[in-house]
Each structure stands twice: as C-alpha cells, then as structure tokens.
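**Q** Here you go, one structure.
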Amino acid sequence: MSGNVLLLLGVAALAIYMGVHWERARRAVSDLRLSRQRITGLRQVVARERGHVAMIWAAAALALFLAIRYG
C-alpha cells in the first residue's frame with residue numbers, strides 16, 4: 001500500500017510540474033507572437049523615419065546647392 005501511495009504522489013507531482021511547465025511554454029509562445037507584431041511595427045516606423053531623413057537631407061543639399069550656385 002505504501003509503495004502505491006508513493007507512486008501516486010510521484011505521478012501527481014510530475015503532472016503538476018508538467019502542467020506548470022506547459023503553461024510557461026504556452027505563455028512564452030503568445031508573448032513571442034506579440035513581440036513579433038511589435039517588432040514589425042517598429043521596423044515600419046524606422047523605415048518611414050529613414051525616408052523622412054532622406055527627404056530632409058535631399059532638400060538641405062538642394063538648398064545648399066542653390067545658395068552656392070545663385071547666391
């Protein structure tokens with residue numbers, strides 16, 4: 001009887017441990033999905049900002065060219 005109870009307690013402890021482990025893995029996957037969405041959004045913002053900086057540089061270079069050429 002004692003061996004059976006000990007075996008049952010061991011199986012119950014293993015089930016609890018595996019359940020906790022499974023829940024952590026599930027949360028990690030959902031967090032990863034949210035992180036990927038956030039990273040995609042940030043990449044789009046970075047690309048847009050780089051475009052703005054390129055336009056500002058082009059306008060500044062044109063203004064400097066026109067100032068030197070005709071000023």
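The values are calculated or read from the model by the stated rules, or taken from the named source; none is laboratory data. Worth saying up front: this structure is predicted, and the values here are computed from it rather than measured. The protein model used for the area step is the full one, side chains on, heavy atoms only, and it has no ligands, DNA or RNA in it. Shrake-Rupley method; radii C 1.70, N 1.55, O 1.52, S 1.80 Å.
**Q** Is one or more of the residues making up the stretch 42-53 open to solvent by less than 100 Å² (accessible area, probe 1.4 Å), modelled with pLDDT of 85 or more, part of a helix (DSSP H, G or I) and among the small types (G, A, S)?
**A** yes
**Q** Still on this structure, I have one more. Filter the stretch 30-49 down to the residues that are among the hydrophobic types (A, V, I, L, M, F, W, C) and under 11 Å from the mean Cα position of the chain (by Cα) and list them by number.
**A** L32, L34, I39, L42
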